[in-house]
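Data block below; observations after.
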Amino acid sequence: MKEQVDPKNKSKIFDTSETKALFLKGLKFLALALPLLFASPVLITIGFKALNKGNGYLILVLGCILALFTIALVTQAFRLILKALFNR
């Protein structure tokens, strides 16, 4: 037998506006990290190719710093989204 669901008793995903704002902040962090997920490996690749030609380390170092920043940004975004979903 299937239980019937009462349409009036729907549970909301976000109980308060604070959790909704936290979720949206996490999504903004993910939106900011998306272009960086593509740009940082490209910069690292260009940096290694510049090393073969004898140029400086500037592009390689910039790409590595950008990659670390991207990892930190994605981690922070997932932490905020999980915090909003599980109401901690």
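Worth pointing out:
- For the stretch 67-88, the residues whose backbone nitrogen is under 17 Å from a point 7 Å from the Cα of E18, taken along Cα to Cβ, are 80-88.
- Among the chymotrypsin sites (Phe, Trp or Tyr not before Pro) found in the stretch 37-78, not one is both in a DSSP coil and sparsely packed, with 10 or fewer other Cβ atoms within 10 Å of its Cβ.
- Spin-label model, K28/F78: points 7 Å from Cα along the beta carbon direction are separated by 2.2 nm.
Every number here is computed from the coordinates shown, using simple stated rules; none is lab data. Treat the numbers as computed from the prediction; the structure is a model and nothing was measured. Cβ sites come from the backbone with ideal geometry, for glycine too, and all protein chains shown count toward neighbours.
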